[in-house]
Structure formats: structure tokens, C-alpha cells
Amino acid sequence: MNAPNVDTQQRIHAVLEWLNQRIVGQERLTERLLLALLTGGHLLVEGAPGLAKTRSIRELARAIAADFQRIQFTPDLLPSDVTGSEIYRPETGEFEFQAGPLFNSVILADEVNRAPAKVQSALLEAMAEQQVSVGKVTYRLPELFLVMATQNPIEQEGTYPLPEAQLDRFLLHVVVDYPDAQSEREILAIARSEFQHEDVAPTVELDPADVFEARRAVADLYMAPAVEEYLVQLVVATRQLDELAFGASPRASIALDQCAKAHAWLNGVDYVSPADIQNVAHDVLRHRLIPSFEANVVGFSMDRLIDDLLEAVPVP
Ligand SMILES: Nc1ncnc2c1ncn2[C@@H]1O[C@H](COP(=O)(O)OP(=O)(O)OP(=O)(O)O)[C@@H](O)[C@H]1O
Ligand SMILES: [Mg+2]
């Protein structure tokens, strides 16, 4: 590896370390944020209220000096509230595009399941194509574009679950859990000091060029043929399980490939091992597999199914 790459790697690492100082005991979430950043993917995050979902994405945006926008999804939201719309200007007699909140680099799409399908699909389309079409005109979203959508696991009345068939547009589906007692103490200490003092500025700053360079390095990472075969066998195996109505699509293979590479790179290794694939497998596959009707009836756990899958497919 040449010098500039090592430098980028150190800077990205510094971002992760800084995030882990600011967000205590949620190392899985912070690492997943970086995997998304390193691959150009988007995250769906599920967790009870108050588990630092907002805090983590906001802190990431600060660390990479990117524009941040939170969009609260509600039942009365319209697609144009998210994408923007053409506004008539009487002075000029022309229509002018007024960009919506999506035109920012880091987006928190909060409680996506509270907005109707039309709004959700406007978001999913923007994520997939990195552009927004209004009327006949297409507008490019920022080159660095990262969406973290949140979903509350507590069943609410009047929510619109994201369409299962579109969930696989999210690179990762992360489940956030409660911090342990020691982390809870540290969270209190941080909250108290933040209450008393000025906000702490990020100690690291990354610019978009660093991110793009890192993405190229990640994409170039070596994966041995045997490891690639292991990845393929894992995905193919999902299509033969009785417990599933639908297995993983090729999008899942691509996501596994990208996330495993990003995971290896983030750990300073220049080749992918089966352990990298196993590490990301749950978060990559969890939302892409659809249980069969029969399986869903009897206390089915998708995570356990993925555990079994990892047990069953021989590791090279
Ligand atoms: N792991 C943590 N480290 C540091 N601070 C934390 C952590 N978890 C929660 N907090 C603090 O608790 C409060 C709630 O966090 P935050 O607003 O990010 O939660 P959230 O997951 O977005 O909740 P909601 O689902 O209600 O939007 C904030 O003041 C945040 O700073
Ligand atoms: Mg929040």
C-alpha cells in the first residue's frame, strides 16, 4: 500500500474512534455507519427510542464535515416535501426547482414507517439512483450521499411497514440494543459534561476526497476465489430453506462483497477472510430474507436462521 492510502485509513479510523468516544457502547452501530460510508450504501436502523440513533448520525456528519438534515416522516408528508418541487415565479413567469431536504449529504430519515408508501418510495428511489426526478427534469443529489433511516420496533397504530420487496435497497439493517450498565454510567458522565460545557468539536476532520479515495481502496481489496465461493454458497443456500418464502437476491451478494471488503479494510487488512463475511452477514441479510407463512407462525427468529446458515455452509 502506498503512503496516501495509509493516511486515509488512519483518518477514517480516527473518525471511528472519535464516534466511539461520543457514542458509548454502540460499537456495532458506529462501525456499520462507517461500512455504509466506505461503500456508498445506506442503513436502516431499528431500535427503541433514546438509543443514540440521532446522535450517531449527527456526529458522523460533523466528523466528515458534511451537511446534515433530519427528515421526520409523518402520515401527512408528501413526496415533494422530501424531494422538493417546482415553484412558479411570477417575476420571471417561470418554474424554478426548490430543492427539498434530501439535497444534503447526510440524511436522517426518522421513523420512515410513519409515512405512506408514496413518500417511502420517493426516498428509496433517491437512495438507489442518487437522483430525484420532478416533472421531466432529473436533479443529481450530492456526490457524497448517505441515508440512515430509522424504524421504531414498538408496533404503532397507523404505521406503514416498509415494503418487504424494497427493503433490500438498504445495504445494512442494524438492530440497536440497550447499552450495558458501565456504558450507561459513561453516558451520564458525557451528558452532564455536555450540559455544563460547550459542545466538543470533532478532533478529526475528513473531507469528501478522503471518503472517495477510501471507497476506491475498499473496492480494490483482494478476495480469494475460495472466499468468493463461500460468499456465493451462503447466498445460494438462502434460496433453499423451507423457512423462507424468498431467499437473498444478487443485491445481497453484492452487499456482502462490499461490506466484507469494507470490514477488512477498516481493520487494516488488505484481503477479505471468511470472518469478515460472517461478521457482516446478519446485518446484510436480515432484511432481505422473507420468512414463509408457516415459519412465521411459530416463534421464528431470522437471526437464528442466519446463525444456522453460517453453521451449515462449510468455511474454506
Ligand atoms: N450510547 C450513547 N452514548 C452517548 N449518549 C447517548 C447514548 N445513548 C443515548 N445517549 C444520549 O441520550 C439521548 C437520546 O439519544 P438520541 O436522541 O440520539 O436517541 P434516538 O435513538 O435518536 O431516539 P429516538 O428514537 O427517540 O429519536 C441523547 O441526549 C444522547 O446524547
Ligand atoms: Mg432520534
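Bear in mind that the values in this text are calculations on the coordinates, not laboratory data. Keep in mind the model is a prediction, meaning the values are calculated, not measured. Ideal geometry is used to build each Cβ from the backbone, glycine not excepted, and the neighbour counts take in all protein chains shown.
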task = With only Lys, Arg, Asp and Glu charged, each at its Cβ (+1 for the first two, -1 for the last two), find how big the charge dipole of the range 188-288 is about the Cα centre; round to the nearest 20 debye.
result = 420 debye
ask   = Just 275, 181, 255 to compare: in a GNM of the chain, with alpha carbon springs under 10 Å, which one fluctuates most?
value = 181
key: Estimated vicinal HN-Hα couplings, Hz - the range 207-224 in sequence order (Karplus 6.51, -1.76, 1.60; Gly, Pro = x)   = 10, x, 4, 4, 5, 5, 5, 4, 4, 5, 4, 4, 5, 7, 4, 7, 10, 5
key: For residue 86, distant residues with modelled amide H under 5 Å away   = 98
message = I want to check the label-to-label distance for residue 203 and residue 246. Put each point 7 Å from Cα in the C-beta direction and report it in nm to one decimal.
response = 4.5 nm
ask   = When each pair of different Cα atoms in the range 9-66 is counted once in the 1/r mean, what is the Kirkwood radius in angstroms, to one decimal?
value = 11.6 Å
ask   = Considering every pair of different Cα atoms, what Kirkwood radius, in Å, is found for the range 3-42?
value = 10.6 Å
Karplus-derived HN-Hα couplings along the range 61-69 (A = 6.51, B = -1.76, C = 1.60, θ = phi - 60°), whole Hz, x at Gly and Pro = 4, 5, 5, 9, 6, 10, 5, 10, 9
query = If you take all C-alpha pairs in the range 221-312, what percent of them are over 17 Å apart?
reply = 46 percent
message = If the only charges are +1 at each Lys and Arg Cβ and -1 at each Asp and Glu Cβ, what is the size of the charge dipole of the range 130-264 around the Cα centre, to the nearest 20 debye?
response = 600 debye
query = Evaluated at 10 °C with a viscosity of 1.306 mPa s, what Stokes-Einstein diffusion coefficient in µm²/s does the range 166-279 have when Rh comes from the Kirkwood expression over alpha-carbon pairs?
reply = 90 µm²/s
request  = Using just the helices of the chain, give the 222 nm mean residue ellipticity in deg cm²/dmol: DSSP H runs with n ≥ 4 each add -39,500 (n - 2.57), and the total is spread over all residues, rounded to 500.
outcome  = -15000 deg cm²/dmol
key: Where labels lie 7 Å past Cα in the beta-carbon direction, separation of residue 85 and residue 97 in nm   = 1.7 nm
note = Taking the dipole of the chain about the Cα centre (Lys, Arg +1; Asp, Glu -1; charges at Cβ), the one of 122, 107, 203 that reaches farthest to the positive side is 122
remark   = Toy charge model, Lys and Arg Cβ at +1, Asp and Glu Cβ at -1: the range 48-207 dipole around Cα centroid in debye, rounded to 20, equals 100 debye
query = When only C-alpha pairs under 8 Å and at least 6 residues apart count, what is the relative contact order of the chain, in percent?
reply = 22 percent
note = If unit charges are put on Cβ atoms (+1 for Lys and Arg, -1 for Asp and Glu) and the dipole of the range 174-254 is taken about its Cα centre, the option from 235, 191, 219 lying farthest towards the positive end turns out to be 235
request  = Read phi for every residue in the range 287-297 and hand back ³J(HN,Hα) as whole Hz from Karplus 6.51 cos²θ - 1.76 cosθ + 1.60, θ = phi - 60°, with x for Gly and Pro.
outcome  = 8, 9, 9, 10, x, 6, 4, 4, 5, 5, 6
Over the range 1-102, volume per residue of the alpha carbon convex hull, in Å³ = 162 Å³
message = At 20 °C and a viscosity of 1.002 mPa s, what translational diffusion coefficient does Stokes-Einstein give for the range 229-268, taking Rh as the Kirkwood radius over Cα pairs? Give it in µm²/s as a whole number.
response = 195 µm²/s
Angstrom value of the Kirkwood radius, inverse mean 1/r, which spans all Cα pairs in the chain = 20.9 Å
task = Return a whole-number percent for the relative contact order of the range 85-162, with Cα pairs under 8 Å and 6 or more residues apart as the contact set.
result = 37 percent
remark   = the range 77-231, convex hull of Cα, quarter of hull surface, nm² -> 16.2 nm²
